[in-house]
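The values are calculated or read from the model by the stated rules, or taken from the named source; none is laboratory data. In this text, all values refer to a predicted model and were calculated from it rather than measured experimentally. Every residue, glycine as well, gets a Cβ built from its backbone with ideal geometry; the counts of neighbours run over all protein chains shown. Side chains included, ligands, DNA and RNA excluded: accessible areas come from the protein's heavy atoms. Shrake-Rupley method; radii C 1.70, N 1.55, O 1.52, S 1.80 Å.
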Amino acid sequence: MSTPLTAGTTAPPAAAQLRQVVHPVDDVAAAVTFYAAALGLPTRFVDGDRYAALDAGPATLALAADTENVANIAAAAFKVDDVDAFVERLLEAGGHVVEPPADGPHERRVVVSDPWGNRV
């Protein structure tokens, strides 16, 4: 049951959706081969030697080379309705901006961390 909003209050932001988990790899082609053999994950697409997306059910296992600036840290990637509003909420909650919002090859994105240093 939901509680109606009272005058002067705003609705909470829509829940972010986990879309992918990004794993840094030294060799994208070798990693695609490994995850296909070890876990049976089919390849959605490969973008040269920089990135690959594997079908892992409702989310994607992304394999990213150093050129993608993942700093050798695995990260959960979430889809949000508004990147800039998300950054404001993240900062208010105690998170940190690692790379500011920018338009990437496939979407607008930002790299942030939680208070413990985990990338999101």
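Assorted remarks:
- Considering the range 11-42, and only residues there that are assigned to a loop (DSSP other than H, G, I, E, B) and among the small types (G, A, S), the residue that is most open to solvent (accessible area, probe 1.4 Å) turns out to be A15.
- Which numbered condition G94 misses (of (1) surrounded by 14 or more Cβ atoms within 10 Å (Cβ to Cβ); (2) assigned to a loop (DSSP other than H, G, I, E, B)): (1)
- Neighbours by Cβ (under 9 Å, 6+ apart or cross-chain): first from the range 18-32, over 22 Å from V80 (Cα atoms); second surrounded by fewer than 18 Cβ atoms within 10 Å (Cβ to Cβ) and modelled with pLDDT of 95 or more: V28/V46; A29/V46; V32/T43; V32/V46
- One residue alone among A85, A65, A102, A77 is loosely packed, with under 12 Cβ neighbours inside 10 Å and either touching an Asp or Glu at 6+ places or on another chain (Cβ under 6 Å) or touching a residue at least 40 places away in the same chain (Cβ under 8 Å) (or both), and that residue is A85.
- Residues of the range 75-91 that are among the charged types (D, E, K, R) and in a strand (DSSP E or B): K79 alone.
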